[in-house]
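Asks: Sharing a structure with you now.
The values are calculated or read from the model by the stated rules, or taken from the named source; none is laboratory data. This one's a predicted model, so the numbers in the text were calculated from it and none came from an experiment. Cβ sites come from the backbone with ideal geometry, for glycine too, and all protein chains shown count toward neighbours.
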């Protein structure tokens, strides 16, 4: 049993917080959670210089950013490594982590923020336990911020059909790569799995694309394993 004090400061609907929860579970660590639902999200700016979540306190030592948290977990708790030691496996894991955070993430927010039903489901998560007016404010902020962000990134300039094709082409690739293996890196999960699954799980939670995502049998089983 872990006797240390670990506190995860999170945003409920964040795929990066989802990733960190999976990393902590993989390590077998007990931890408590502080949610920044509703306008409490404004307090996240006080937790770190970056002003983003997740942030984890390890016995008073604060670490921000999901990748930095994962690396710290391996340094502090080396059992069940998140990052493989073998150079090739490590390179592959880092590439998956980077792809999840820099590419897959934008598909996640595209399908969550630009689809009215998915947006409402996401708001239900992030405004849980908060006054109704905070939900309305968040909805206004999301509808103002994310279309602009996605247009700058490029996805929002494409037709929906093209974005879906690009996304499901990548799922086809993942489905093929999982043939004969339980995880992206082989027989044991690592940071690659938790990074990609953290993004996909948030889509499954709120998106109308859930049935199509889970129609891939290897991906569906992999999501359950992670």
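Asks: Kindly indicate whether residue 73 is over 19 Å from residue 25 (Cβ atoms) and part of a helix (DSSP H, G or I).
Replies: Criteria not met by residue 73.
Asks: Just to check your reading of the model, which residue among 41, 89 is at pLDDT below 95 and part of a helix (DSSP H, G or I)?
Replies: The unique qualifying residue is 41.
Asks: Sticking with this one: Can you report the number of residues in segment 171-202 which are surrounded by fewer than 22 Cβ atoms within 10 Å (Cβ to Cβ) and either touching a strand residue (DSSP E or B) at 6+ places or on another chain (Cβ under 6 Å) or part of a helix (DSSP H, G or I) (or both)?
Replies: 9
Asks: Moving on to the next point. For residue 187, state whether it is modelled with pLDDT under 95 and under 30 Å from residue 90 (Cα atoms).
Replies: Spelling it out, residue 187 is indeed modelled with pLDDT under 95 and under 30 Å from residue 90 (Cα atoms).
Asks: Oh, and also: When you scan segment 205-224, how many residues do you find that are surrounded by fewer than 17 Cβ atoms within 10 Å (Cβ to Cβ), under 22 Å from residue 112 (Cβ atoms) and in contact (Cβ under 8 Å) with a residue 12 or more places away in the chain?
Replies: 2
Okay, residues lined up against (1) in contact with a strand residue (DSSP E or B) (Cβ under 7 Å, 6 or more places away or on another chain); (2) in contact (Cβ under 8 Å) with a residue 60 or more places away in the chain; (3) under 21 Å from residue 97 (Cβ atoms); (4) crowded, with 22+ Cβ neighbours inside 10 Å:
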position: 5; (1), (2), (3), (4): no, no, no, no
position: 8; (1), (2), (3), (4): yes, no, yes, no
position: 11; (1), (2), (3), (4): no, yes, yes, no
position: 22; (1), (2), (3), (4): no, yes, yes, no
position: 42; (1), (2), (3), (4): no, no, no, no
position: 50; (1), (2), (3), (4): yes, no, yes, no
position: 60; (1), (2), (3), (4): no, no, no, no
position: 64; (1), (2), (3), (4): yes, no, yes, no
position: 68; (1), (2), (3), (4): no, no, yes, no
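One line per residue, one yes/no per condition, for (1) crowded, with 18+ Cβ neighbours inside 10 Å; (2) over 19 Å from the mean Cα position of the chain (by Cα); (3) at positive phi:
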site	(1), (2), (3)
33	no, no, no
39	no, yes, no
47	yes, yes, no
54	yes, no, no
72	no, no, no
79	no, yes, no
94	no, no, no
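Asks: For segment 151-173, give me the residue count where each residue is over 26 Å from residue 184 (Cβ atoms) and in contact with a helix residue (DSSP H, G or I) (Cβ under 7 Å, 6 or more places away or on another chain).
Replies: 3
Asks: Under 23 Å from residue 9 (Cα atoms) and touching a strand residue (DSSP E or B) at 6+ places or on another chain (Cβ under 9 Å): does that describe residue 105?
Replies: Criteria not met by residue 105.
Asks: I've got another one for you. Tell me, please, whether a residue that is closer than 24 Å to residue 94 by Cβ, surrounded by 15 or more Cβ atoms within 10 Å (Cβ to Cβ), free of Cβ contacts under 8 Å to residues at least 12 places away in the same chain and touching a helix residue (DSSP H, G or I) at 6+ places or on another chain (Cβ under 6 Å) can be found in segment 13-20.
Replies: Scanning segment 13-20 turns up no residue that is closer than 24 Å to residue 94 by Cβ, surrounded by 15 or more Cβ atoms within 10 Å (Cβ to Cβ), free of Cβ contacts under 8 Å to residues at least 12 places away in the same chain and touching a helix residue (DSSP H, G or I) at 6+ places or on another chain (Cβ under 6 Å).
Asks: Follow-up question, since we're still on this one. Does residue 150 satisfy the criteria of being out of contact with any strand residue (DSSP E or B) (no Cβ under 6 Å at 6 or more places or on another chain) and closer than 16 Å to residue 208 by Cβ?
Replies: No: the conditions fail for residue 150.
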